[in-house]
Every structure is written in structure tokens, then in C-alpha cells.
Amino acid sequence: MNKPEEFAELKFDGKTIKLPVVRGTENEIGLDISKLRPQSGWITLDPGYTSTGSCQSAITFIDGEKGILRYRGYPIEELAEKSTFLEVAHLLLYGELPTAEELDRFTDTVRRHTMLHEDFRRFFSALPKDAHPMPVLAAAVGALATFYPEHDDAESLNHVHVGVVRLLAKMPTLAAAAFKHSIGQPTMWPRNDLDYASNFLRMMFGVPAEEYVIDPVIAKAVDLLLILHADHEQNCSTSSVRLVGSSQSHLFSGIAAGISALWGPLHGGANQKVIEMLERIATEHGTADRFVERAKDKSSNTRLMGFGHRVYKSYDPRAKILKKTCNDVISRVGGSSQLLEIAMRLEEIALNDDYFISRNLYPNVDFYSGVIYKAIGIPVNMFTVMFALGRLPGWIAQWMEMRADPTFKIGRPRQIYTGATVRHIPGR
Ligand code: CMC
């Protein structure tokens, strides 16, 4: 794949530095600058890492210009149509879609680890009832490391595997328990005869006093949402997981960092902001046009949430799938289509406006996901938690890939110092 004979030349200050060229399987080109500083004393500067590759990875491929997303080579559209979340998790984690037998074994193992330690009950009661469930989830996953200290032994593959399964199994239980605590209802413990999405829905919406009837259409929509969020290469939260993990800290601590990074409104938190924006437009009656104008005005500090992406400079393929799913889910659950109509109106205005056209700003995954969550009754402050549940296998797969990489090094960027030059405390 790599052609070691290829070099780019960097000339500056009378020196010529040869930078090896690294080509990916999709012919993406990287210039290897890892020896730049030892050879020249210079570093590269790239705030926001817009032109910086942090690793080589075989997990997810995105072509942002063409709107392509593939996990391990499989197009997202095919996985969305023909697979389940646990199959996709297996694919991301272990490189291949599971055979029927492997899937049975994997599903069975995940099911057996869904319960939480009894002492965990006290954990939730220590937090404020009105706490946002994202920091609660981050804290809970961090706290989980104290119950399973053995998983910091990344040298032992078996320990890692059990840790991976525990996280996949317990995250829905933790997320639903955090929600139940926030609304003062008793925690619903998992039912291992249910599939992944149905089990989560029952823990979220069931109560001990009566049987919870699962709507298969809703369970399927949740499963699809989890698939679409499962990985997205080196985004902010995944890079956080890798950076924290690069110090060889516990897997669960890295995932807790990923959840914290995801919470921000420029990342996963955008799905909550989108629905708040749509609801505001709905109550203010037909102000979509005005909202778009405000989003274009730099002094307003307003952005069209769910629009734009660092990598996609065309329509996000996940948004395309979700837009269609919105219609299916709303017609099934009989919810109001008002928010969907506003979203479609905003999209239409923006996609015909020079500001958005010239900057290649299109709907991203968060633009339509909230409309579906809302239709199926997921509370707004749980939207980003849903994103986290989906992104979990991607975070873990990236963590595992990093730890198995023979070129693995602790992540430690450099800086250009711009502060005071040396000075001394006067009079002492
Ligand atoms: N509304 C209005 N203007 C925008 C928007 C937007 N949503 N997004 C970008 N721009 C403008 C921005 O002001 C800038 O204009 P100019 O060139 O005149 O200064 C230009 O487009 C480039 O934007 P940027 O902020 O330099 O681009 P970025 O790659 O650093 O940021 C982004 C990407 C996703 C943070 C940004 O598009 C954004 O803030 N979008 C809204 C939040 C959002 O939907 N986030 C979810 C991202 S997708 C899922 C995920 O990762 O969680």
C-alpha cells in the first residue's frame, strides 16, 4: 500500500527536508512529518487539526466531497438496510460481519453482562435529580472502571474482550437508569430475552407496575439510529478516546472522555440544539426564513444547528437515510409532523441560499435524528445519550486499533509559544 520511495520536499531556511508520502487504500495522501522536528527543529501548526491526520486506520472511510461513509468497506446505506446494531458492532470491533453462529455467541455474551453492580444504585442518588444525563453517563462510565479495574490490562486480550462486552452491555442500562433517576421512577433492570434496542426501550419507558409492549417499528428505528452513529473516524470524541487511551489509561476512562467530548453543541450535542431550534421556530410561527437570516449574520452568534460538517462538503449520507426514516416513523406513531415540516423548510431555504452553497453547508446526521427521537418519545436531554450509545462500538474499536498499533506512542502535540520571554520577579 505505502510506497516508501515517494517523498515530498519541504524547503525552508536553506534546508530541504524529505517527507515520506503515505497513501491509503482509497488513495488518500498523507505527508509523514513525524521526523520533521528531529531533522529540522520545526513543527507544523494546525489549530483544529483541519489538515492533520493523527493515525492510520482501517475502520471507517469517509469521502466528504462525494458523501460516502463506509464501515470496514461496507457502505452505510447497505448496513442500514441489511444489518443490526450488534452485527455492526461486531464488524467495527473485530473487522468482519459475524456469521450466524458468531452473532449468536456475541449477542449471548452481551446479554449476560447487562446488569449493574447493586452498589451502583447509590451512585445515581448522589447526583442532582435535574442533572443533564450526559455528564451523568460520563461519570457513571468512569465510575464503572472502579468496579472492573482488571480492564486496564490492555496486554491481556481476554481482559480487553470482557471489558468491551461489559461496556456494550451496560451502557444502555446506565443510560436508562440515569433517565429513570431524573424523573423519579424506579429503575427498570434489563431483560435479557429482548434484543438490544427493545431492551433499552423497555428500561426507558417501562414501569414495574405493568407490562411494556414493544413496538417493533420503534425498536427498528432505534437500531437504525444506533447503526448510523456507530463510527465516524477521527472526530472530536473519538480523538479524545484515542488521546486519553494513549497514556495507557483504563478503557472505561477513555470512553468517559469520549462521552464528555460528544456532549458539546458543535458535536453530538447538536441533536438537542436542533430540536430546540425547531421548537422555537414552531412557537414563533413561521420564522424559518428569519432564523436562516440570523444564522448567516456573524454578529448574531447563531448557527443553523445540524448544518455543516468538518469533513462532509456534500449531503451527509446519514442525514439522507434519516430524512426518509422520519416520514416512516411519524406515519407509524401518528405524531405531529410539524417539526419535520419546519426542518424540511429550513433545509430548502438553506440549500438555495448563496451563503450555505458557497460554504458547502448541508444537513448533517443531527439535523433529522432529533425529529425521530422526539416522535418516539425520547426526552430532548437524552438525545445526545442516544448518540453516545450508538458511537460506543466505534470508540472502542478505535481504542483497540490504537493499542494494537506497533507504532503506538502517547499522544502529545507541540505548540508555538507566544507568551512573555524570560523575565524575573522584581526586587527579590
Ligand atoms: N450555520 C451557519 N454558518 C455556518 C454553519 C452553520 N451551521 N456551519 C459553518 N458555518 C460557516 C462558518 O461561520 C464559516 O463561515 P466563514 O467562512 O464565513 O467564517 C464557515 O461556514 C466554515 O465553518 P467552520 O466553523 O470554520 O467549519 P468547521 O469545520 O470548523 O465546523 C461544524 C464544522 C460542524 C462545527 C460547523 O459546521 C457547525 O458549527 N455546525 C453547527 C453545529 C452542528 O450541527 N454540529 C454537528 C456536527 S455533525 C455530527 C457530529 O459531529 O456530532
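The values are calculated or read from the model by the stated rules, or taken from the named source; none is laboratory data. These figures come from a predicted structure and were not determined experimentally. Every residue, glycine among them, receives a Cβ derived from its backbone with ideal geometry; neighbour counts consider all protein chains shown. These area figures cover heavy atoms from the full protein model, side chains too; ligands, DNA and RNA do not enter into them. Shrake-Rupley method; radii C 1.70, N 1.55, O 1.52, S 1.80 Å.
Of note:
- Length added when fully stretched, Q338-Y49, from 0.36 nm per residue minus Cα-Cα: 100.2 nm
- Low-density loop positions, trypsin sites (Lys or Arg not before Pro), the stretch 1-52 - DSSP coil, at most 15 other Cβ in 10 Å: K35
- For the stretch 85-184, trypsin sites (Lys or Arg not before Pro) meeting the loop criterion (DSSP other than H, G, I, E, B) and having at most 15 other Cβ atoms within 10 Å: R112, K129.
- Extension gain, S314-Y74: 0.36 nm per intervening residue step, less the Cα-Cα distance, totals 84.4 nm.
- Excluding same-chain neighbours fewer than eight residues apart, the lysines reachable from K374 by a Cα-Cα span under 26 Å are K82, K129, K170, K180, K220, K273, K320, K323, K324.
- Note on the stretch 8-112: with charges restricted to the Cβ of Lys and Arg (+1) and Asp and Glu (-1), its dipole about the Cα centre is near 600 debye.
- Cβ-derived FRET efficiency at R0 22 Å, V380 paired with K129, nearest 0.05: 0.85
- Potential lengthening between R280 and S40 on full extension [0.36 nm per residue; Cα-Cα distance subtracted]: 81.0 nm
- The stretch 199-336 pair-distance distribution - Cα-Cα, 5 Å bins, rounded %: 2, 8, 11, 16, 17, 16, 14, 9, 5, 2, 0
- Dipole moment magnitude, nearest 20 debye, the stretch 170-326 about Cα centre, only Lys, Arg, Asp, Glu C-beta charged: 560
- Ranking P216, Q56, L127 by how far each Cα lies toward the positive end of the dipole of the chain (charges on Cβ) leaves L127 at the top.
- Summed residue charge, Cβ within 14 Å of A175's Cβ, Lys/Arg positive, Asp/Glu negative: +4
- A straight line joining the Cα centroids of the stretch 291-331 and the stretch 213-241 runs 18 Å.
- The separation of the stretch 169-207 from the stretch 5-22, counted between C-alpha centres, amounts to 55 Å.
- Listed residue (P426, L322, Y373) projecting farthest to the positive dipole end of the stretch 317-428, Cβ model: P426
- Counting only protein heavy atoms and using a 1.4 Å probe, the accessible area of D130 comes to about 140 Å².
- Note on K313: aspartates and glutamates with a C-alpha under 19 Å away, same-chain residues under 8 apart excluded, are E26, E28, D63, E65, E77, D231, E233, E347, E348, D353, D354, D366.
- Overall Cα dimensions of the chain, principal axis frame, Å, largest first: 77, 63, 55
- Protection proxy ranking of 57-65, 304-312, 350-358, by the mean of other Cβ atoms within 10 Å over each peptide's residues and highest first, is 304-312, 57-65, 350-358.
- Computed over all pairs of different Cα atoms, the Kirkwood value for the hydrodynamic radius of the stretch 292-428 is 18.8 Å.
- Here, the stretch 59-117 is characterised by an Rg to Rh ratio of 1.08, where Rg is the alpha-carbon radius of gyration and Rh the Kirkwood radius.
- Heavy-atom accessible area for W42, with the other protein chains in place and a 1.4 Å probe, reaches approximately 50 Å².
- Bins of 10 Å from zero: percent of alpha-carbon pairs in the stretch 6-56: 22, 53, 23, 2
- Dipole check for the chain: with +1 at the C-beta of Lys and Arg, -1 at the C-beta of Asp and Glu, and the Cα centre as origin, the magnitude is about 1460 Debye.
- Heavy atoms of E211: accessible area, 1.4 Å probe, square angstrom to 10: 130
- Computed from the Kirkwood radius of its Cα pairs, the Stokes-Einstein diffusion coefficient for the stretch 353-428 at 20 °C and 1.002 mPa s stands at 117 µm²/s.
- Dipole-positive endmost among S300, L251, I275 within the stretch 229-339 (Cβ charges, Cα centre): S300
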